[in-house]
Amino acid sequence: MKTAIVTRLSADPTTPRLLLFFAGWGMDSRPFATLGREGYDTAVVWDYADPAPVDPALLSRYAEICVVAWSFGVPYAARFIAGHHDSLPITRCVAVCGTLHPVDDRLGIPRDIFSGTLEGLSDRTLAKFRRRMTGSSAAAARFESVAPQRSLDSLAEELRRVDTDGPAPDPTFDTAWIAPADHIIPPEAQKRAWEGRAEVKMLPDGTPHMPDFGPILEREIADKRLISRSFGSAGSTYDGEASIQHEVARHLAALWETAGPAEGPVVEFGTGTGYLTSLISRTGRPMRLYDIVPVMDGVVRADAEIMTALLTSDPAPAAIISASTVQWFNSPRRFLRRALRALKPGAMLAISTFGPDTYRELAPFQQARPAYLSADDLRALTRELEAEGIADAAWTIVEEGERRVLTFPSTRHLLDHTRRSGVNGTRLGGIGAARALMAAAPVSLTYAPVYLLMRRR
């Protein structure tokens, strides 16, 4: 495989982040020269006939890696993730218009179509493929201005290698996006392939096999610089607006104490202004505190999603506790799995987050939303961890909290609340969405808390 950095937008030298994009068949880096997400460098991987792995020296520079794979890049990304999930700080993993079964009559490209493409490959058939890939002759003409510079021999060799390598065995993706007008990999085959393996999301009607990746990246990859700025600027106003978050923190602390936590230090991620910290500190336990935007003295600046290695420091923690934080991560499920694995036997993980109905009034107007998890999502995760022998089933609690609705005098008061509480860490979907929001004039916001407690077996 060949790899090249195409954009450098990871401006934070203390926490450099990488978007690792696995391109489809026949590509190089040229069509993706402007691909990017704020706060992340972007590297493109292509040519799966080349046996060379992604450069380890390049990957070692980054504190967080998000993987996005398109088309035939999906099975190669899956193999990469499976081979590095313990050695690299991989968080979000997204598949776009591809499956783990590249050549398959039910789950990928039908065998006869694949064989016909390989056997009849020529300049003429390649041009036809690109029209089908991009969705129209006009789009194909635009694509030609940045078309990959590769020989037909190299494209044929890549196809043969894809066929030889076969399906990827590991379902490692958080979400899978499917294009309704995909004329390369049938949408129905993609739906079958991802059923029960990843959250499936549909692109807008008419979207071809090669979509606009920008909106997908906006929705899937957290802009952590924006999140940091939002909460940092709300440090002085947060407590005045965070009545629901304070209720959630009190309930989480009560659940944790009732569960009988083991003796020893407590690690708290996402300390904010310290409300949960004050509740836990009353127990007399020593605490180690981490936040991406430290507001209080004694808090270490760290992105909790990628800093579970801190948990191995001596003395080992008896608990990890976090309130109203993990929904801002790229992949809360991966964090919870890693955090529980990092704990010593008998230690407890206690978190609160919010369910999908949270801020449902704003959902139609948002460009991206936090990674809200339902109680069913958390129950499914605990069953996996219990089956793997990591979580102690006798000590697992998943609880839906009381749903709360805040009402405001006007939409502007509602938006002031989101700004002053720091929870405007995702943008509205442009000027049009902002106008539509003001026209709809919502005056209420829903909060749907969810709680999870697990003990390391």
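The values are calculated or read from the model by the stated rules, or taken from the named source; none is laboratory data. Since the model is a prediction, treat every value here as computed from it, not as a measurement. Counting neighbours? That spans all protein chains shown, and the Cβs are built from the backbone with ideal geometry, glycine included. Just the protein is used for accessible areas: all its heavy atoms, side chains included, with ligands, DNA and RNA removed. Shrake-Rupley method; radii C 1.70, N 1.55, O 1.52, S 1.80 Å.
Only bridges with both residues in segment 308-457 count here: give the DSSP antiparallel percent, nearest 5. Bridges in segment 308-457 are about 75 percent antiparallel. For Lys201, the lysines whose Cα falls under 25 Å of its own Cα, not counting residues fewer than eight places away in the same chain, are Lys191, Lys224. Applying 1/(1 + (r/R0)^6) with r as the Cβ-Cβ distance of Ala11 and Arg369 and R0 = 25 angstrom yields a FRET efficiency of 0.55. Rounded to the nearest 10 Å², what accessible area does Arg379 have for a 1.4 Å probe in the complete protein model? Number for this one is 80 Å². With contacts taken as Cα pairs under 8 Å and at least 6 residues apart, segment 299-457 reaches a relative contact order of 34 percent. Give me the base-10 log of I(q)/I(0) for segment 359-425 at each q in 0.17, 0.29 Å⁻¹, Debye formula, one uniform scatterer per Cα, rounded to two decimals. For segment 359-425 at q = 0.17, 0.29 Å⁻¹, log10 I(q)/I(0) is -0.78, -1.34. Partner lysines whose Cα lies under 17 Å from the Cα of Lys128, excluding those fewer than 8 positions away in the same chain, are not found.
A crude spin-label estimate for the pair Arg419 and Met438, with each label 7 Å from Cα along the Cβ direction, gives 1.3 nm.
About its Cα centre, the dipole of segment 327-457 is roughly 500 debye, where the only charges are +1 on Lys and Arg Cβ and -1 on Asp and Glu Cβ.
Site-free segments of the chain were taken between GluC sites (Glu not before Pro) in DSSP loops having at most 13 other Cβ atoms within 10 Å, sites themselves excluded; the longest one is 1-194. For segment 218-294, the calculated P(r), taken from all Cα-Cα distances in 10 Å bins from zero up to the bin holding the longest distance, is 16, 43, 30, 11, 0 percent. When nucleic acids and ligands are ignored and a 1.4 Å probe is applied, Tyr275 ends up with an accessible area of around 70 Å². Normalised by the number of residues in segment 1-75, the average gap of Cα pairs under 8 Å and 6 or more apart makes the relative contact order 46 percent.
Basic side chains Lys and Arg get +1 at the Cβ, acidic Asp and Glu get -1 at the Cβ, and with that the dipole of the chain about its Cα centre reaches some 620 debye.
Among Val103, Ala138, Gly120, which residue has its Cα positioned farthest towards the positive end of the charge dipole of segment 84-190, with +1 placed on the Cβ of Lys and Arg, -1 on the Cβ of Asp and Glu, and the dipole taken about the Cα centre? Checked the options; the winner is Ala138. The DSSP beta bridges internal to the chain are antiparallel in roughly 40% of cases.
Segment 394-457 has equivalent-ellipsoid semi-axes of 33, 14, 10 Å, by the square roots of 5 times the alpha carbon gyration tensor eigenvalues, sorted largest first. Charged neighbours of Thr411, selected by a Cβ distance under 13 Å, balance to +1 (K, R count +1; D, E count -1). Once the Cα atoms are used to define both axes, helix 152-165 deviates from the longest principal axis of the chain by about 50 degrees.
Spherically averaged projected area of the convex hull of Cα atoms, segment 24-93: 4.9 nm². For Ala323, the residues whose modelled amide H falls within less than 5 Å of its own, excluding neighbours fewer than 5 places apart on the same chain, are Ser352. Please work out the C-alpha center-to-center distance from segment 104-143 to segment 221-245 and express it in whole Å. Computed from Cα coordinates, the inter-centre distance equals 47 Å.
What does the C-alpha gyration tensor say about the overall shape of segment 102-206? Classify as rounded when a/c is under 1.5, otherwise prolate if a/b is larger than b/c, or oblate. It is oblate, given that a/c is not under 1.5 and a/b is not larger than b/c. Per residue, the average separation of C-alpha pairs within less than 8 Å and at least 6 apart gives segment 120-275 a relative contact order of 20 percent.
The shape of the chain can be summarised by an equivalent ellipsoid whose semi-axes, obtained from the alpha carbon gyration tensor, come to 41, 25, 20 Å from longest to shortest.
When Trp395, Trp328 are compared by accessible surface with a 1.4 Å probe, the order from highest to lowest is Trp395, Trp328. Against the empirical 2.2 N^0.38 Å (N residues), segment 81-135 has a Cα radius of gyration ratio of 1.57. The DSSP beta bridges internal to segment 263-332 are antiparallel in roughly 0% of cases. Dividing the Cα radius of gyration by the Kirkwood radius, what Rg/Rh value follows for segment 2-130? Rounded to two decimals, Rg/Rh equals 1.01.
When Met307, Met210 are compared by accessible area of protein heavy atoms, the largest-first order is Met307, Met210, using a 1.4 Å probe.
Taken about its Cα centre, segment 242-323 carries a charge dipole of roughly 160 debye when the Cβ of each Lys and Arg holds +1 and the Cβ of each Asp and Glu holds -1. Ordered from longest to shortest, the equivalent ellipsoid semi-axes for segment 224-353 are 22, 17, 13 Å, each the square root of 5 times a Cα gyration tensor eigenvalue.
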